[in-house]
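Quick notes on the structure that follows.
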Amino acid sequence: MQKTTTKRSNSLDMPSSIKYDVVVVGAGFAGMYLLHRFRKMGLSARVFETASSVGGTWYWNRYPGARCDTWSIEYSYKFSEELQQEWEWSELYATQPEIIRYAKHVADRFDLWKDIQFNTTVNSVVYDDLSAKWTVTTDAGDVCESRFCVMATGCISLPNKPKFQGLENFAGTWYHTARWPDEGVDFTGKRVAVIGTGSSGIQSIPIIAEQAQHLYVFQRTPNYSIPARNRLLDPSEVKEIKANYSEIRKRAQTTPGNQARLNLRKENAIDVPESERLKEYQYRWNEGGSSFIGAFQDLLFNADSNETAAEFVRDRIREIVHDPETAEKLCPDNVIGCKRLCVDSNYFEAFNRETVTLIDVSNEPIECIVGKGPKVGKHVYDVDAIVFATGFDNITGALLNVDILGAKGKILKEKWQDGPRSYLGLMTADFPNLFTVTGPGSPSVLTNMIPTIEQHVEWITDCIDYVIKNEYATIQPTVEAEDDWVNHVNEVADRSLRTTCNSWYIGANIKGKPRVYMPYTGGFPAYLEKCKAVIANGYQGFRFS
Ligand code: NAP
């Protein structure tokens, strides 16, 4: 279908709008694959992207040490056999620059650049009941009309910049890990404060520690972290993987995290002798990576089992960190795997440097930032730079950052004020023809994101194809199907230990955000079956007009 330019008839002041079949918001791995699929369907599609290039959250997260903690071989597209055969990952865990090179390669290979408008932020997406079309407006002055709209805005993309009082008075320079300067930052000879000890902090702290004259790490909650044991990939290993790529991808889909490497063991920790448990934990610790949490199938369901794994990790921390007091402060006391399990390279080891100081702010928070640096109680930490590794407004943040107005003027922010409501994390009632990739209520962040994104993109594009071929104007979920799914998502989450801590999965990191467990914890295979069954039953739970 061809794009056409028309003058909007309902307002004389409206700039002329361009018509597309589909508008996609975001040119990360979801937006890129969507564009490729829509092109193949013969639809006109426009992608808007805030950044100046592709890669989504990976474009922005250039902080020192940034790398994916999912195996590179699996954290990649599988839709094109040629692509996965030709691309060479160099390390077990890809660095941010390598992931960006991969994203650019994909954009080149599938000729995506020309339909992506960079340096453009979508401000609003508004549905018109009469025409059954969406009007998309951007900060660059674009106004376009589209029949379908897909929000590919990412789950971990909108930075959380906590409002520290007095930051404007800070005499030094400050950075957020998720908005790192393109040219990098050299901390040599500088006194640096890092605030936050989640994945971003845990990855960047060892590198900053190597450079800084002195590093102060401000920790509110300690995190469990497993050594990555990153290494270069061996060419013979890669050859073997490539020979079995489709089998590896299929196996991944049978695991809860859509990741073959996770290798979930079928026994319960509580049912095996202590010696066997410790052997398994030690094996996984030595192997490295987040597959540690797959050591036993009940780790996220049985508190006693979980404690055996948690204590094993605490003992490793006590072994690594020389100063017993610092080691104890670094030992988490919550459920392991409740917050996202971190994967590190020499994180705990960094605290053995004389130039690194851990500041526990769990009981006494950072009161404010003064000219010299962060102030805790009476003490001011005199620093040249502050790094905020304070994370994101996850899952709903980037989506609700766009003004989304649905049928009969329904405002998405209002609809979701007590927590997100969606059917399968794909659509929400009263927002016809508007889709979300890895939206709340889907497995998303609990799985290997790129193949999980692919599953959503394929479901969405097939669905749009169905709507067009059957000459329907719109599709949206019924309120009943949405309510049932939301109840199911909550029920399944409550069965696990995942709801027992203040994680970003429940929005606890953002002041005022409703506390609702957002991702679907039922595992990728169950979710995949549900998505297939919905289609097999004639898009069960959806209604067409
Ligand atoms: P995060 O996990 O939300 O961690 C933010 C940290 O900042 C927490 O330690 C938090 O403490 C702290 N914090 C926030 N506000 C604070 C305040 N006012 N005072 C003191 N401390 C404060 O964010 P993240 O590390 O950026 O990671 C987010 C997610 O992104 C990860 O869980 C992961 O899914 C993804 N990620 C992945 C990779 C990878 O693949 N390797 C790398 C980076 C990020 P509390 O815990 O007490 O709230």
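The values are calculated or read from the model by the stated rules, or taken from the named source; none is laboratory data. On a predicted model such as this, the values are computed, not experimentally measured, just so you know. All Cβ positions, glycine included, derive from the backbone under ideal geometry; neighbour counts span all protein chains shown. SASA here: full protein model, heavy atoms, side chains in, ligands and nucleic acids out. Shrake-Rupley method; radii C 1.70, N 1.55, O 1.52, S 1.80 Å.
One table, with the values for the structure above:
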| quantity | calculated |
| --- | --- |
| Residues located in the stretch 183-198, provided they are in contact with a helix residue (DSSP H, G or I) (Cβ under 7 Å, 6 or more places away or on another chain), among the β-branched types (Val, Ile, Thr) and surrounded by 19 or more Cβ atoms within 10 Å (Cβ to Cβ) | 192, 194 |
| Filter result (open to solvent by less than 20 Å² (accessible area, probe 1.4 Å) and within 11 Å of the ligand (Cβ to nearest atom)) within the stretch 81-95 | 93, 94 |
| Residue satisfying all of: in the stretch 337-371; polar (S, T, N, Q) and over 27 Å from the mean Cα position of the chain (by Cα); nearest to the ligand (Cβ to nearest atom) among these | 363 |
| Test for residue 266: is it open to solvent by less than 40 Å² (accessible area, probe 1.4 Å) and of a type in the set (D, E, K, R) | no |
| One residue from 519, 432, 514, 420 being within 15 Å of the ligand (Cβ to nearest atom) and touching a residue at least 12 places away in the same chain (Cβ under 8 Å) | 519 |
| One residue from 78, 114 being charged (D, E, K, R) and either closer than 22 Å to residue 451 by Cβ or within 16 Å of the ligand (Cβ to nearest atom) (or both) | 78 |
| Residue 96 being touching a residue at least 12 places away in the same chain (Cβ under 8 Å) and within 23 Å of residue 460 (Cβ to Cβ) | no |
| Residue pairs meeting the criteria (Cβ under 6 Å; at least 6 apart or on separate chains; first not assigned by TED's automatic domain parsing to the domain that holds residue 34, in the stretch 99-118; second part of a helix (DSSP H, G or I)) | none |
| Among (1) more than 30 Å from residue 126 (Cα to Cα); (2) among the hydroxyl-bearing types (Ser, Thr, Tyr); (3) in contact with a helix residue (DSSP H, G or I) (Cβ under 9 Å, 6 or more places away or on another chain); (4) more than 13 Å from the ligand (Cβ to nearest atom) - the single one residue 153 does not satisfy | (1) |
| Check on residue 140, away from the ligand (no atom under 16 Å from the Cβ), within 30 Å of residue 36 (Cβ to Cβ), free of Cβ contacts under 8 Å to residues at least 24 places away in the same chain and in the same structural domain as residue 46 (by TED's automatic domain parsing) | yes |
| Residue among 262, 215 that is under 30 Å from residue 525 (Cβ atoms), among the aliphatic types (A, V, I, L, M) and touching a helix residue (DSSP H, G or I) at 6+ places or on another chain (Cβ under 8 Å) | 262 |
| Any hit, the stretch 60-72, residues being open to solvent by 10 Å² or more (accessible area, probe 1.4 Å), at pLDDT 95 or above, within 16 Å of the ligand (Cβ to nearest atom) and assigned to a helix (DSSP H, G or I) | yes |
| So residue 79, is it aromatic (Phe, Trp, Tyr), within 24 Å of residue 23 (Cα to Cα) and not in a loop (DSSP other than H, G, I, E, B) | no |
| Subset of the stretch 436-456 [farther than 13 Å from residue 398 by Cβ, surrounded by 24 or more Cβ atoms within 10 Å (Cβ to Cβ) and β-branched (Val, Ile, Thr)] | 447, 452, 453 |
| Residues satisfying the stated conditions in the stretch 376-423, i.e. touching a His at 6+ places or on another chain (Cβ under 9 Å), in a loop (DSSP other than H, G, I, E, B) and of a type outside the set (S, T, N, Q) | 383, 389 |
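One line per residue, one yes/no per condition, for (1) more than 28 Å from residue 43 (Cα to Cα); (2) open to solvent by 50 Å² or more (accessible area, probe 1.4 Å); (3) hydroxyl-bearing (Ser, Thr, Tyr):
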| position | (1), (2), (3) |
| --- | --- |
| 474 | no, no, yes |
| 477 | no, no, no |
| 482 | yes, no, no |
| 487 | yes, yes, no |
| 493 | yes, no, no |
| 504 | yes, yes, no |
| 520 | yes, no, yes |
| 534 | no, no, no |
| 543 | no, yes, no |
